[in-house]
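We did not get these values from a lab; they are worked out from the coordinates using the rules stated. Given the structure is predicted, the values throughout are model-derived calculations rather than measurements. We place every Cβ from the backbone using ideal geometry, glycine too, and count neighbours over all the protein chains shown.
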Amino acid sequence: MSKTDWITQEIETLKSSGLYNRIRTIGSPQGAWLVVDGQKVLNFCSNNYLGLANHPKLVAAAKQAVDEMGVGPAAVRSIAGTMTLHLELEKRLAAFKGVEAAITFQSGFTANLATIPALVGKEDVIFSDRLNHASIIDGCRLSGGKIIPYDHCDPASLEAVIKENLPQFRRAIVITDGVFSMDGDVAPLDKIYEVAKKYDILLMVDDAHGEGVLGKGGRGIVDHFGLHGKVDVEVGTMSKAFGVMGGVVAGNATIVEWLRQRGRPFLFSSAVTPPDAAACIAAIDLLEASTELVDKLWANAKYFKAEMKKLGFDTGLSATPITPVMLGEAPLAQQFSRDLFEAGVFAMALGYPTVPQGKARIRVMISAAHSKDDLNKGLGAFMKVGKKLGVIK
Ligand SMILES: *Cc1c(COP(=O)(O)O)cnc(C)c1O
């Protein structure tokens, strides 16, 4: 027996139960088309909502930053790793989102790990949407606070758990995803805000899939609902619509100042590199200059969903460019994804435990990078595979 035998066994179990994650390799820049494991395929998988991951303006800004500032920050932010570019990015993000202040992190994931434990302690309670993202769940666990889930996107359930539990705790926070990535549905943030306000509780939203997508010119979910100045903490990411890498917390200036003192991934891990920061600033330049990319993203999403419905597919609860194609059982979704790949379309199958049992699906990620022709090719492949597998007539 070796010390790692148990791991080998666990991996075998994953493989035999069909839960082993075989990771594909991309051999091209991100865009409407990808080279995946050597084959050119239409990309329906990435979070590159606006096509910025390989945009010439972002690439040029990154190159210039490398020439002027080098490739690494070489220290954590609080010692010698805060460069002018980091502060410029934070200023630009705050202005873009119309908030008091912003602080950036290495990723959206670390933004949650920094923020929740800085705001919540053992004596406190977290009211958390049942379907919140893994990084929120991990941040909640790290905080040591009591986690009380409420029913997904249900303000009445939120109010019920607040009423029942609030008196037993020192302080409280409500945390929700903005856009839920499996269904593409949007949290009813206006109603959640009303509940949080009624009980005078902090409100935090993780808008990773809403940043650059929802609101005027991609300003996010708070803008979408007209809640400026009312949501205490808005977490975002620059790794999705912004096309780069990095996380952000935008909102209340006192909270942002506190995170510079107490956000552990800020204090104990280095920041994004100069080219990352410069490319993010270039993304804001583009978004502030024009709503063209965001408009194209929504036009593409509306077209694709309408055509899929005409073909007879069920696109679920989506209210965003995330388009689930509901299929039912996981083996069918996996077969569908394999057949699509054969037909030159790369779209991910999601099954239990990522989504509930019997709710397996293909998830299509629409992008402004797709042309009408690309979308039509994708629709053609869905029609062919859907008929072959008896999903549509
Ligand atoms: C993708 C995602 C994250 C993680 O963002 P990264 O910048 O990739 O770390 C965090 N929260 C939510 C809700 C997400 O969808």
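In this simple spin-label model, placing a label point 7 Å from the Cα along the Cα-to-Cβ direction at both Arg262 and Lys15 gives a separation of 4.7 nm. With +1 assigned to the C-beta of every Lys and Arg and -1 to the C-beta of every Asp and Glu, and no other charges, what is the dipole magnitude of the stretch 56-289 about the Cα centre in debye, to the nearest 20? Dipole of the stretch 56-289, to the nearest 20 debye: 500 debye.
Place a point 7 Å from the Cα of Ala95 along the Cα-to-Cβ direction; which residues of the stretch 284-314 have their backbone N under 15 Å from it? Correct set: 284-290.
If the chain linking His152 and Asn54 were pulled fully straight, counting 0.36 nm for each residue of separation and taking away their Cα-Cα distance, it would gain 31.8 nm.
The fraction of all Cα pairs in the stretch 39-133 landing in successive 10 Å bins from 0 to the largest distance is 11, 29, 35, 20, 6, 0, given as whole percents. The distance between label points at Ser28 and Asp339 comes to 2.4 nm (points 7 Å beyond Cα on the Cα→Cβ vector).
Would you kindly calculate the translational diffusion coefficient of the chain, applying Stokes-Einstein with the Kirkwood radius from alpha carbon pairs, for 10 °C and a viscosity of 1.306 mPa s, and quote it in µm² s⁻¹ without decimals? This corresponds to a translational diffusion coefficient of 72 µm²/s. For Lys359, the aspartates and glutamates whose Cα falls under 14 Å of its own Cα, not counting residues fewer than eight places away in the same chain, are Asp183, Asp314, Glu329. In the stretch 56-289, taking the dipole from charged Cβ atoms about the Cα centre, the farthest positive-side position among Leu287, Leu158, Gly247 is held by Gly247. Any chance you could check the Cα centroid distance between the stretch 306-367 and the stretch 37-63 for me, in angstrom? Answer, in whole Å: 22. Take the Cα of Met1, step 7 Å toward its Cβ, do the same at Arg171, and the gap between the two points is 4.7 nm. With a threshold of 20 Å on the Cα-Cα distance, the over-threshold entries among Lys310/Lys388; Lys40/Lys302; Lys310/Lys377; Lys309/Lys387; Lys97/Lys372 are Lys40/Lys302; Lys97/Lys372.
Karplus-derived 3J(HN,Hα) values for the stretch 207-222, using 6.51 cos²θ - 1.76 cosθ + 1.60 with θ = phi - 60°, are 9, 3, 8, x, 4, x, 10, 8, x, 5, x, x, 7, x, 5, 5 Hz; glycine and proline are entered as x. Remark on Ser28: its backbone amide H falls under 5 Å from those of Val35, a criterion applied only to residues 5 or more positions apart or on other chains, H modelled at 1.01 Å from N. Residues within the reach of a label modelled at Leu87 (point 7 angstrom out along Cα to beta-carbon, backbone nitrogen below 20 Å), restricted to the stretch 270-302, are 270-282. For the peptides 7-20, 234-247, 173-186, the ranking by mean Cβ contacts within 10 Å, running from highest to lowest, is 234-247, 173-186, 7-20. Projecting the Cα atoms of His55, Trp6, Asn43 onto the charge dipole of the stretch 1-61, computed from C-beta unit charges around the Cα centre, puts His55 farthest toward the positive end. Neighbour counts of C-beta atoms inside 10 Å place Phe341, Phe225 in the sequence Phe341, Phe225, starting with the fewest. Here Asp200, Asp276, Asp190 are placed in order of increasing Cβ neighbour count within 10 Å, fewest first, which gives Asp200, Asp190, Asp276. Computed extension length for Asp67-Asp314: 84.0 nm, one decimal, from 0.36 nm per residue of separation with the Cα-Cα distance subtracted. Among the GluC sites (Glu not before Pro) in the stretch 103-186, those located in a DSSP loop and surrounded by at most 13 other Cβ atoms within 10 Å of their own Cβ are Glu123.
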